[in-house]
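Report on the following structure.
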Amino acid sequence: MTDKRLRILAIDFSHLFHRNWHASGGNNVAEAFRRTIQAVVDLRVGYDRVAICCDSTGPSFRKQIDPGYKADRERQPESFYGEMRRAKERLVVD
């Protein structure tokens, strides 16, 4: 009998992109895009489906619980958000 279980991989996209952005020094904005797409391609081997999990765009409910939640984080430059958006769009499959 063949195993017919569906193998699903969930990827924390925000963490992955953030890590790649900082690894590239934020200087070559296309590098974070490239590294993130390649990481997803590499990670997906052996899985039937991939779920790209992203942070919400609005305020987190955690901020209501703890006003200090991520209070010490500086806002990233607009190029960060542009490249992140571009990478998400590239990974969308209809």
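The values are calculated or read from the model by the stated rules, or taken from the named source; none is laboratory data. Computed from a predicted structure; not experimentally measured. Quick reminder, even Gly has a Cβ in these numbers, built from the backbone with ideal geometry, and neighbours come from all protein chains shown. The accessibility values were calculated without ligands, DNA or RNA, using every heavy atom of the protein model including side chains. Shrake-Rupley method; radii C 1.70, N 1.55, O 1.52, S 1.80 Å.
Listed values, structure above:
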| read-out | value |
| --- | --- |
| If the convex hull is drawn through the Cα atoms of the chain, its volume per residue in Å³ | 131 Å³ |
| Computed over the chain: relative contact order in percent, which uses C-alpha pairs under 8 Å that are six or more apart | 38 percent |
| Solvent-accessible area per residue, Å², over the chain with all protein chains present [probe radius 1.4 Å] | 78 Å² |
| Length gained when the stretch R73-A23 is fully extended (0.36 nm per residue, less Cα-Cα span) | 16.3 nm |
| Helix 29-43 vs. the chain, principal-axis angle (Cα, 0 to 90°, nearest 10) | 30 degrees |
| Cα centre as origin, Lys/Arg/Asp/Glu Cβ charges: the chain dipole, Debye | 180 debye |
| Pairs of alpha carbons in the stretch 1-46 whose separation is greater than 18 Å (percent) | 39 percent |
| Sulfur and carbon atoms: percent of accessible area, the stretch 1-84 [1.4 Å] | 52 percent |
